[in-house]
Amino acid sequence: MEYQTELTTLIETVVAEGASDIHITAGSHPIIRSSGILLPLTKHPKYTNEDTLGLLSVLIPADKKTDFMTRQEVDFSYAYKDGVRFRGNAFFQKESVSIALRLIPRDIKSLQELLLPPALETFCQLQQGFFLVVGPVGQGKSTTLASMIENINQTRTEHIITIEDPIEYTFESKNSIINQREVGIDTHSFQSALLSAFREDIDVLMVGEMRGPETMAAAVTAAETGHLVLSTLHTNNASQTIDRIIDTFPSGQQDQIRIQLAGSLAGIFSQRLVPRISGGLIPAYELLINNEAVSNLIREKRTHEINTVIETGSESGMIDMNRSLADLVRRGEVTAENALARALNPRAFSGLI
């Protein structure tokens, strides 16, 4: 098998089909994900382990492959022609190599084009604060974050630094200056890049993902000291996100980070992508805005009450996930079954439709 030719064919198929992912596994045909559904490409052969290693050798440089063979997993990015880029991860399973590739769209869509709420534009205009986009894997968090950064890039004159592993969307400086740093290439770690950022005259900091207490502590400190910090976390909703951040720290530091978070948090946006009746995916979302009531709940260890604040806080701009899902059903965008499957409180959701 000529691996570069095979990879090119796979990439062209993904682009032509409007798919989001490619899965390459020894013993299987390649599989793409389109509109959330996995589809095997049976015209391609079932790959051997030698094939998957050969394809990986095209995707990553030799030094990264050596690191992969030692650590048995690796994150990477791959640039194809015409601005087509992929975020990738390779890993071992049953002593064989598997590869997952996520297509990164060439164009950064606006918040309006992504059908996201206008309230997100308000957060793009903040001078300081900590804003998180959360949700499970594959729910569009990186896309939303990129759209917010591009909004700032077009509407403000700021110095923006992104710290990513790997770099996903690539930005072109417009009204703002944007510098993008990739962990493992441009910096040793998220933590070292965050600490360095304080000496780089930054205004806006985008951290691809919150990893570990050191990264979280540095991000919160940056938000406290006059910077706007945007990041993502793999959590289900706002209250779980706050608990996850606090629980990451040793017990002796939790009270301190709780106080810092209560003061620096701007908001938390949780999103889900729901199959659309007309085809494709559409977002449903929850928005927590940190006001005095929310700050008090964080400080007083009553984060379990935040869900109620969101449910009753529409007048202050908050958005409840169940109501967002119910609205999509009422508008005929999604089926009640698909909405119910993504509701965090199915009983409360059922009462809304």
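Do you know which residues across segment 94-107 are surrounded by fewer than 20 Cβ atoms within 10 Å (Cβ to Cβ) and at pLDDT 95 or above?
Ala100, the sole residue that qualifies.
Report whether or not Asp243 is outside any helix (DSSP H, G or I) and either at pLDDT 90 or above or surrounded by fewer than 16 Cβ atoms within 10 Å (Cβ to Cβ) (or both).
no
Could you run through segment 285-322 and say how many residues are among the β-branched types (Val, Ile, Thr) and surrounded by fewer than 14 Cβ atoms within 10 Å (Cβ to Cβ)?
Adding up the residues that qualify gives 2.
Go through segment 203-223 and report how many residues are farther than 21 Å from Gln256 by Cβ and modelled with pLDDT under 95.
Residues flagged as farther than 21 Å from Gln256 by Cβ and modelled with pLDDT under 95 within segment 203-223 amount to 2.
Hey, among the residues in segment 25-41 that are outside any strand (DSSP E or B) and either of a type in the set (S, T, N, Q) or not assigned by TED's automatic domain parsing to the domain that holds Leu53 (or both), which one's farthest from Tyr80 (Cα to Cα)?
Ser28
Mind checking which residues of segment 10-24 are assigned to a helix (DSSP H, G or I), in contact with a Ser or Thr (Cβ under 9 Å, 6 or more places away or on another chain) and either outside the structural domain of Asp51 (by TED's automatic domain parsing) or surrounded by fewer than 19 Cβ atoms within 10 Å (Cβ to Cβ) (or both)?
Matches in segment 10-24: Glu17 only.
From Pro40, Pro61, Pro30, grab the single residue that is closer than 25 Å to Ile185 by Cα, under 28 Å from the mean Cα position of the chain (by Cα) and not aliphatic (A, V, I, L, M).
Pro61 is the lone residue from the list that is closer than 25 Å to Ile185 by Cα, under 28 Å from the mean Cα position of the chain (by Cα) and not aliphatic (A, V, I, L, M).
Just one of (1) crowded, with 16+ Cβ neighbours inside 10 Å; (2) more than 20 Å from Pro117 (Cβ to Cβ) trips up Ser278, so point out which.
Failed condition: (1).
Specify which of the listed residues (Leu228, Leu205) is in contact (Cβ under 8 Å) with a residue 12 or more places away in the chain, under 22 Å from Thr144 (Cβ atoms) and in contact with a Gly (Cβ under 8 Å, 6 or more places away or on another chain).
None of the other options fit; the residue is Leu228.
Which of the following residues is without any contact (Cβ under 8 Å) to a residue 60 or more places away in the chain, touching a strand residue (DSSP E or B) at 6+ places or on another chain (Cβ under 9 Å) and charged (D, E, K, R): Glu17, Glu12, Glu6?
Glu17
Anything in segment 113-145 that is surrounded by fewer than 22 Cβ atoms within 10 Å (Cβ to Cβ), touching a Phe, Trp or Tyr at 6+ places or on another chain (Cβ under 8 Å) and either among the aliphatic types (A, V, I, L, M) or at positive phi (or both)? List them, or say none.
If the condition is that a residue be surrounded by fewer than 22 Cβ atoms within 10 Å (Cβ to Cβ), touching a Phe, Trp or Tyr at 6+ places or on another chain (Cβ under 8 Å) and either among the aliphatic types (A, V, I, L, M) or at positive phi (or both), then Leu120, Gly129 are the ones that fit.
Restricting to segment 122-160, and then to whatever is hydroxyl-bearing (Ser, Thr, Tyr) and in contact with a helix residue (DSSP H, G or I) (Cβ under 9 Å, 6 or more places away or on another chain), can you tell me which residue is farthest from Ser270 (Cα to Cα)?
Thr155
Can you pull out every residue in segment 57-81 that is more than 20 Å from Val183 (Cα to Cα) and either of a type in the set (S, T, N, Q) or in contact (Cβ under 8 Å) with a residue 12 or more places away in the chain (or both)?
Answer for segment 57-81, where residues must be more than 20 Å from Val183 (Cα to Cα) and either of a type in the set (S, T, N, Q) or in contact (Cβ under 8 Å) with a residue 12 or more places away in the chain (or both): Ser57, Val58, Tyr80.
Kindly indicate whether Gly351 is of a type in the set (Gly, Ala, Ser) and surrounded by fewer than 17 Cβ atoms within 10 Å (Cβ to Cβ).
Yes: the conditions hold for Gly351.
Take segment 211-257 and flag every residue that is over 17 Å from Ile163 (Cβ atoms) and of a type in the set (Asp, Glu).
If the condition is that a residue be over 17 Å from Ile163 (Cβ atoms) and of a type in the set (Asp, Glu), then Glu224, Asp243, Asp247, Asp255 are the ones that fit.
Of all residues in segment 277-294, how many are in contact with a strand residue (DSSP E or B) (Cβ under 8 Å, 6 or more places away or on another chain) and at pLDDT 95 or above?
Qualifying residue count for the region: 10.
Report yes if some residue within segment 37-60 is hydroxyl-bearing (Ser, Thr, Tyr) and in contact with a His (Cβ under 7 Å, 6 or more places away or on another chain); otherwise report no.
yes
Return the residue satisfying two criteria in turn: it lies in segment 76-119 and is assigned to a loop (DSSP other than H, G, I, E, B) and basic (Lys, Arg), and of such residues it is farthest from Val274 (Cα to Cα).
Across segment 76-119, the extreme among qualifying residues is Lys94.
The values are calculated or read from the model by the stated rules, or taken from the named source; none is laboratory data. The model shown is predicted, which means the values in this text are computed figures rather than measured ones. Methodologically, a virtual Cβ is constructed for each residue, glycine included, from the backbone with ideal geometry; neighbour enumeration extends over all protein chains shown.
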